[in-house]
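Let me begin by presenting the structure, written as C-alpha cells, before commenting on it.
The values are calculated or read from the model by the stated rules, or taken from the named source; none is laboratory data. Small disclaimer: the values here were computed from a predicted structure and weren't measured. Here the Cβ positions follow ideal geometry from the backbone for every residue, glycine too, while neighbour counts run over all protein chains shown.
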Amino acid sequence: MRYLSTRGEAAQLGFDDVLLAGLAVDGGLYTPLAYPHVAPVDIAALAGVPYADAAARLIAPFMSGTIGADLLRAQTEAACASFRHRAIAPLSQIADNLFVLELFHGPTLAFKDLAMQLLGRMMNDVLERRNLRATIVGATSGDTGAAAIEAFRGLERVDVFILYPNGRVSDVQRRQMTTVADDNIHVIALEGSFDDAQNILKRLFRNAPFRESVRLAGVNSINWARIVAQTVYYFTSAVVLGAPHRHLSYAVPTGNFGDVLAGYVAKRMGLPIDRLIVATNANDLLARALETGRYEPRGVTPTQSPSMDIQVSSNFERLLFDVTGRDPAAIRALFASLDQSGGFDIPRGPLAAIRSEFDAHSVNEAATTDEIARTFRDADYVLDPHTATGVRAARARLAVDPATPVVALATAHPAKFPDAIERAIGARPRLPAEIAARLEGAERFTVLENDAARVAAYIADRARAARV
Ligand SMILES: *Cc1c(COP(=O)(O)O)cnc(C)c1O
C-alpha cells in the first residue's frame, strides 16, 4: 500500500515511512492511494474473534509490503495485553438503541491507548529493522501525551518530548505524564494553549535541518497508523450489534477529528455506517463548519472536556481531500486561505458530500453536566464529560431516527475528571487502584515559553538521535 500527501508536494511513501513521518514535508497529511475493501462475509466473520485477531486482519491490507501477518499479530496481541478488560473495547447499553463503546480500559484510561499501544510497538520494530533512533515530539491537550508516554517509556530507540498547555489539563492528566521516571521521557509544560503547542510542533516538522538532525517522528492524531488502529473498534462493535446486516450510527466526541475520521475510513472500507455524528464541546468549529460551510477557527475556550478544547481539527483535511475529489491544489488553496485570512469556505459540492454522511452537534457546558446527571439517573452509568457530549449528540440523532442504533464512543474513564462528575452527580468516581498508585510518584517536567526556537534547542540538547 502506498500513501500520498493531501497537499500533493511530498513523495509517495510506504506504510513504514508514513508511520515514522507523521506530517508530510509539504505540510499535508498522508492518506492511502485507495481504501482496502472488507467484503460483507469478512465483516460477518469477525463475530466472536478476539480483538487482537480482528485488529491484525483489518490492519494488514494497510501494511501490505512491510511486515508479515505473524509479526503484526504479535504486535496487536502485545498492545492488547496492556488493557484491563478482556474484550478490550466492550459495549454497554444505556437506553433504547443507545450504546456506549468503552474505549477507556487501557493504561491511561482514554481511547488514545487503543492506537498508541500499537503505534509504539510498530515504530520500535521499524527502527530496529533499520538500526536507527528517532525522536518523538507530541503536542497534547491532555490524553495523547500520557498515551504516548505509556506506549514508548523505556524504549531504547525512541526519545519522547511531550508539550502540553501549562495549567490547562486536569490533575490526573498531568500526573499521568509527569510521574513517569524513564530517562527517554521529557515532559514540557508550554506557556500557551494547545493550539500554540500544535503550531510549534508543525513548525518543528517544517524545519528540515532540525527534523533530520533528531529524526523527528510524529505520534499525534494525524499519524495515519493511529487512524488505522482506530478503525478496528468500529468494526468489532458493529459486528456485535449485527453488522453487516444492520446499519448503525456512531456519535464521536471530537477534537482533532482523528477518531471520527477512523469511522469514516471504516465506512469507506465497507462497514455499513449510517451517520457519523461529530460531537463538539463549546469549541464548535466543526459544528459551525458543517452548518454554515465556513471553516473558521476562533480562540479556544477552556471546558470540562479539555481533550476537545481545540480549534484546528487537523484530520478534517483528510476528509476535505476526499470530498474535493482528491485534488491537492484545492487543498493547498483552502489552507493558504486559512493561513492568510483565518478561514475558508468549503465549496458547495464537497460540503454537500460531507453533510450526506456527517451530522455535528455542539454541546455546551450546562448540557454536558445535565447529560452526566441524566444518564446516571436513568441508567446508573457514569459518563465522563467528553463521552457526555457524544451521548447528548446521539440522543439528538435518536430523536430524529429512533430506529437506527447509535453507538456513542466513550473516550475517557470518568475518574480522570472527578470535578466534572462531582458537579453533575454529587460524588467523585474512583480511579482503578493500580492507576491511583502509579500517580503518587514525584512529578518531573520543564516549563518553557511559547517559542519554537527555544523548544527546538531544548529537544536538540537531549535527543539521543542527535548524537553521533
Ligand atoms: C483526544 C480525545 C478526544 C478527541 O479525539 P480526536 O481524535 O482528537 O477528535 C475526545 N475525548 C477524549 C477523552 C480524548 O482524549
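Looking at Ala54, Ala115, which is the one that is within 16 Å of the ligand (Cβ to nearest atom), touching a residue at least 60 places away in the same chain (Cβ under 8 Å) and assigned to a helix (DSSP H, G or I)?
Numbers: Ala54 fails: within 16 Å of the ligand (Cβ to nearest atom).
The match here is Ala115.
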(request) Taking the options Ala189, Ala229, Ala208, name whichever one is modelled with pLDDT under 95, farther than 25 Å from Ser356 by Cβ and either buried (at least 22 other Cβ atoms within 10 Å of the Cβ) or among the aliphatic types (A, V, I, L, M) (or both). (result) Ala208
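Residues checked against (1) closer than 21 Å to Ala147 by Cβ; (2) assigned to a helix (DSSP H, G or I); (3) among the aromatic types (Phe, Trp, Tyr):
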position	(1), (2), (3)
Val38	no, no, no
Ile43	no, yes, no
Ala47	no, no, no
Ala60	no, yes, no
Ile67	no, no, no
Ala79	yes, yes, no
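Quickly run through the stretch 376-395 and pick out the residues that are away from the ligand (no atom under 16 Å from the Cβ), assigned to a helix (DSSP H, G or I) and in contact (Cβ under 8 Å) with a residue 40 or more places away in the chain. Spell out how you get there, then give the answer.
In the first step, residues of the stretch 376-395 are kept if they are away from the ligand (no atom under 16 Å from the Cβ); the result is 376-381, 395.
Still in the running and assigned to a helix (DSSP H, G or I): 376-379, 395.
Within the stretch 376-395, Phe376, Asp378, Ala379, Arg395 meet the criteria.
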(request) Would you point out the residue of the stretch 138-176, among those that are of a type in the set (A, V, I, L, M, F, W, C) and within 13 Å of the ligand (Cβ to nearest atom), that is nearest to Phe417 (Cα to Cα)? (result) Val172
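When the residues of the stretch 193-204 are narrowed to those that are surrounded by fewer than 21 Cβ atoms within 10 Å (Cβ to Cβ) and not basic (Lys, Arg), which ends up nearest to the ligand (Cβ to nearest atom)? Walk me through it before giving the result.
Taking the stretch 193-204 as the starting set, the residues that turn out to be surrounded by fewer than 21 Cβ atoms within 10 Å (Cβ to Cβ) are 193, 195-196, 199, 202-203.
Filter again for not basic (Lys, Arg), leaving 193, 195-196, 199.
Values: Ser193: 15, Asp195: 13, Asp196: 17, Asn199: 16 Å.
Going through the qualifying residues, I end up with Asp195.
For the structure I just gave you, tell me whether Gly270 is closer than 22 Å to Pro385 by Cα, in contact (Cβ under 8 Å) with a residue 40 or more places away in the chain and in a loop (DSSP other than H, G, I, E, B).
No, not satisfied.
Among what's in the stretch 301-353 and is hydrophobic (A, V, I, L, M, F, W, C) and within 16 Å of the ligand (Cβ to nearest atom), pick the residue that is farthest from Arg7 (Cα to Cα). Steps first, answer last, please.
Our first condition is that a residue be hydrophobic (A, V, I, L, M, F, W, C); within the stretch 301-353, this holds for 308, 310, 312, 316, 319-321, 323, 329-331, 333-336, 338, 344, 346, 351-353.
Cutting the leftovers down to within 16 Å of the ligand (Cβ to nearest atom) gives us 308, 310, 312, 316, 319-320.
Values: Met308: 26, Ile310: 22, Val312: 17, Phe316: 13, Leu319: 13, Leu320: 11 Å.
Applying the filter and picking the extreme gives Met308.
Could you grab me the full set of residues in the stretch 268-287 that are away from the ligand (no atom under 16 Å from the Cβ) and either crowded, with 23+ Cβ neighbours inside 10 Å or of a type outside the set (Val, Ile, Thr) (or both)? Before you say what the answer is, go through the steps one by one.
Going residue by residue through the stretch 268-287, those that are away from the ligand (no atom under 16 Å from the Cβ) are 268-275.
Once the filter is applied, which keeps residues that are away from the ligand (no atom under 16 Å from the Cβ) and either crowded, with 23+ Cβ neighbours inside 10 Å or of a type outside the set (Val, Ile, Thr) (or both), the stretch 268-287 yields Arg268, Met269, Gly270, Leu271, Pro272, Asp274, Arg275.
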(request) Read through the list (1) in contact (Cβ under 8 Å) with a residue 12 or more places away in the chain; (2) more than 12 Å from the ligand (Cβ to nearest atom), then give the number of the only condition that Asp183 fails. (result) (1)
(request) Considering every residue within the stretch 400-408, establish whether at least one is touching a residue at least 12 places away in the same chain (Cβ under 8 Å), outside any strand (DSSP E or B) and in contact with a strand residue (DSSP E or B) (Cβ under 7 Å, 6 or more places away or on another chain). (result) yes
(message) Please go through the stretch 321-342 and give me each residue that is surrounded by 18 or more Cβ atoms within 10 Å (Cβ to Cβ) and not in a helix (DSSP H, G or I), ordered by number.
(response) Thr324
(request) Test Leu71 against the criterion of being over 19 Å from Leu261 (Cα atoms) and over 21 Å from the mean Cα position of the chain (by Cα), and give yes or no. (result) yes
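Could you list, in sequence order, all residues of the stretch 57-78 that are touching a residue at least 40 places away in the same chain (Cβ under 8 Å) and within 22 Å of Ile43 (Cβ to Cβ)? Walk me through it before giving the result.
Keep residues of the stretch 57-78 that are touching a residue at least 40 places away in the same chain (Cβ under 8 Å), which gives 58-59, 61-67, 71, 75-76, 78.
The answer is Leu58, Ile59, Pro61, Phe62, Met63, Ser64, Thr76.
What number of residues in the stretch 78-103 are of a type in the set (S, T, N, Q) and more than 22 Å from Asp380 (Cα to Cα)?
Start the filter on the stretch 78-103 by keeping residues that are of a type in the set (S, T, N, Q), which leaves 82, 92-93, 97.
After this cut, where a residue has to be more than 22 Å from Asp380 (Cα to Cα) as well, the list is 82.
Residues that pass the stated criteria total 1.
For the stretch 219-257, which positions are charged (D, E, K, R) and either touching a Lys or Arg at 6+ places or on another chain (Cβ under 9 Å) or within 12 Å of the ligand (Cβ to nearest atom) (or both)?
First pass over the stretch 219-257, keeping only residues charged (D, E, K, R): 226, 246.
Answer for the stretch 219-257, where residues must be charged (D, E, K, R) and either touching a Lys or Arg at 6+ places or on another chain (Cβ under 9 Å) or within 12 Å of the ligand (Cβ to nearest atom) (or both): just Arg226.
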(request) Considering (1) in contact (Cβ under 8 Å) with a residue 24 or more places away in the chain; (2) within 16 Å of the ligand (Cβ to nearest atom), say which one Glu291 fails and leave the rest. (result) (2)
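Does Val260 count as within 16 Å of the ligand (Cβ to nearest atom), β-branched (Val, Ile, Thr) and either touching a residue at least 40 places away in the same chain (Cβ under 8 Å) or in a helix (DSSP H, G or I) (or both)? Explain how you work it out, then say what you get.
Values: within 16 Å of the ligand (Cβ to nearest atom): yes; β-branched (Val, Ile, Thr): yes; either touching a residue at least 40 places away in the same chain (Cβ under 8 Å) or in a helix (DSSP H, G or I) (or both): yes.
When the stated conditions are applied, Val260 passes them.
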